[in-house]
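To start, I am sharing the structure in question, which I have written as structure tokens.
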Amino acid sequence: QVQLVESGGGLVQPGGSLRLSCAASGIIFTVYRMGWYRQAPGKQRESVASISNTGMTTYADSVKGRFTISRDNAKNMVYLQMNSLKPEDTAVYYCRSSTTTRDYWGQGTQVTVSS
């Protein structure tokens, strides 16, 4: 059974930082591309950052220079370090693992940026 479990969300003030974690089980982690997505109320889900199985990263323009995605293949974990958070970063953040033939999502973790 495949499971992706996100953690690390919460309430943070503008300018603050959070680190999201995603624990993967039930997959051969090293062959999967891992990604973070977010969905704000009334908006479509959007890609935030992704990291390939070889470690290549991509970022949405809105988070470049502020967010960093990383993965630990030994622990089947993927992380999203979020710095300089803005109110517009408020959303539910989802972890995704994918190959050309498989696609799995976590349940999400809420991130709220507010003073």
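The values are calculated or read from the model by the stated rules, or taken from the named source; none is laboratory data. Values in this document were obtained by computation on a predicted structure and should not be read as measured data. Methodologically, a virtual Cβ is constructed for each residue, glycine included, from the backbone with ideal geometry; neighbour enumeration extends over all protein chains shown. Heads up: the accessible areas ignore ligands, DNA and RNA and are worked out on the full protein's heavy atoms, side chains in. Shrake-Rupley method; radii C 1.70, N 1.55, O 1.52, S 1.80 Å.
Calculate one ³J(HN,Hα) per residue across region 51-56 by plugging θ = phi - 60° into the Karplus curve 6.51 cos²θ - 1.76 cosθ + 1.60, and present them in order as whole Hz with x for glycine and proline.
Using θ = phi - 60°, the values come out as 9, 6, 5, 9, x, 6 Hz.
Let me ask you something else. Report, by chain and number, residues whose modeled amide H sits under 5 Å from the one on residue 16, excluding near sequence neighbours (fewer than 5 apart, same chain).
85
I want the local charge near residue 39. Using Cβ-Cβ distances under 15 Å, sum +1 for each Lys or Arg and -1 for each Asp or Glu among the other residues.
Neighbour charge sum, excluding residue 39 itself: 0.
Provide the FRET efficiency to the nearest 0.05 for the residue 5-residue 61 pair, computing r from the beta carbons and using R0 = 41 Å.
The calculated FRET efficiency here is 0.90.
Note down the magnitude of the dipole of the chain about its Cα centre, charges +1 on Lys and Arg C-beta and -1 on Asp and Glu C-beta and zero elsewhere, to the nearest 20 debye.
100 debye
Report ³J(HN,Hα) in whole Hz for each residue of region 18-26, in order, from the Karplus equation J = 6.51 cos²θ - 1.76 cosθ + 1.60 where θ = phi - 60°; Gly and Pro get x.
3J(HN,Hα) across region 18-26, in whole Hz: 9, 10, 8, 10, 9, 9, 10, 9, x.
Moving on. Please work out how much accessible surface residue 96 shows to a 1.4 Å probe, ignoring ligands, DNA and RNA, in Å² rounded to 10.
Here the accessible area works out near 60 Å².
Separate question: Considering only DSSP beta bridges with both partners in the chain, what is the antiparallel share in %, to the nearest 5?
95 percent
Additional query: For 46, 6, give me the order by solvent-accessible area with a 1.4 Å probe, most accessible first, ignoring ligands, DNA and RNA.
Ranked list, largest accessible area first: 46, 6.
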